[in-house]
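The values are calculated or read from the model by the stated rules, or taken from the named source; none is laboratory data. Keep in mind that what you see is a predicted model, and the values were worked out from it rather than measured. Neighbour counts run over all protein chains shown; Cβ positions are idealised from the backbone, glycine included. Surface accessibility is based on the protein's heavy atoms, side chains included, excluding ligands, DNA and RNA. Shrake-Rupley method; radii C 1.70, N 1.55, O 1.52, S 1.80 Å.
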Amino acid sequence: KRFPIPLINRLEKHFISIPNVLTEKGIHVSQLLETWALDFSSLCKDRLTVFQKMKNYTLEECFTGFNDETVSFIVFDVINHMHRERIPTEEEIDTTEALRRSKELLLKMATIEAVLRVKESRLHTEAKSITSEYFKFNLCTLQDYLKHIFGDTSLCTNELGVHLTLATTHSKFLSEKEVEKLILSTGVNIRCISLHQFQTEYQYTREIQMFLTEEPEIGSNKKTLLVQCERGVDNTKLIACARHKMVDELKDWREENKKSKFGVFVVFLILLNRQ
């Protein structure tokens, strides 16, 4: 009675999350995937001896970056991808196939220690296939990942002409010696910085510009910037701002260097604390 209807409509708030947009079949697949994830993280007591002292992992400990919407998002992405493969209707989507693809994506987020102890979990009967699948597709170290992206020529053919990615880890900050080992093993010039070393946006921007303008070492046509940030969960806004600024600088650099043949790789390495 106090406010006109149009004003009330404009003030209405709508909360949208991935679980709310899943179809009936999508909800069913997400429930099956969540059950599988819980079995993956839960120990089978019958498999443990009296001398083994092991505790159940949380889903956040088993899967890097896991949150309340991870399962639903994976299923949503898988079903959308199946639609793009010319599966026109929801009824034609095979639940078993959707679940298999969803498990494959979730497994790529698993930590190595969680995979190695899956033989003691409720999924001990699937341990061999899970371990084989994990090590077949997963790049377990930063060194493996860098070698992979350096060897993929298609990664520098996007709109920016550069490769920008974000990786999460439970490991500690890279030391100078570890960075030197990465340089020797990959043969690529690597600069490593921390977001916490900068007091102002200007300092951060200046560091990016210096990296972009310096020439790669002789014999290499690639250069990489590793941007480390600790306590990723507590610094989401900082990471988002840093990434946004990085994209702006990369666009400006590419605009001024359209004929550059150097491959530019930027990796945000986000450290997540175990819960």
Could you please find all residues in the range 116-148 being among the charged types (D, E, K, R), under 20 Å from Lys45 (Cα atoms) and either assigned to a loop (DSSP other than H, G, I, E, B) or open to solvent by 60 Å² or more (accessible area, probe 1.4 Å) (or both)? Arg117, Lys119, Arg122, Glu126, Lys128
Could you figure out which of (1) open to solvent by 90 Å² or more (accessible area, probe 1.4 Å); (2) closer than 20 Å to Ile149 by Cβ; (3) of a type outside the set (S, T, N, Q) isn't true of Val233? (2)
I'd like to know if the range 189-212 contains one or more residues that are crowded, with 17+ Cβ neighbours inside 10 Å, part of a loop (DSSP other than H, G, I, E, B), touching a residue at least 40 places away in the same chain (Cβ under 8 Å) and among the β-branched types (Val, Ile, Thr). no
Flag for Val71 being modelled with pLDDT of 90 or more, within 30 Å of Lys136 (Cα to Cα), in contact with an Asp or Glu (Cβ under 6 Å, 6 or more places away or on another chain) and open to solvent by less than 40 Å² (accessible area, probe 1.4 Å): yes
Pair list, Cβ < 9 Å and 6+ apart or interchain, from the range 56-75 residues that are at positive phi to residues that are part of a loop (DSSP other than H, G, I, E, B) and aliphatic (A, V, I, L, M): Gly65/Met109; Gly65/Leu272
Close pairs from the range 223-244: first within 14 Å of Thr168 (Cα to Cα), partner among the charged types (D, E, K, R) and open to solvent by 90 Å² or more (accessible area, probe 1.4 Å), Cβ under 9 Å, at least 6 apart: Val227/Arg243; Glu230/Lys172
With (1) surrounded by fewer than 18 Cβ atoms within 10 Å (Cβ to Cβ); (2) modelled with pLDDT of 80 or more; (3) within 22 Å of the chain's Cα centre (by Cα) as the list, and Ile27 as the residue in question, which single condition is left unmet? (3)
Residue that is most open to solvent (accessible area, probe 1.4 Å), among those in the range 83-109 that are at pLDDT below 85, assigned to a helix (DSSP H, G or I) and not basic (Lys, Arg): Glu91
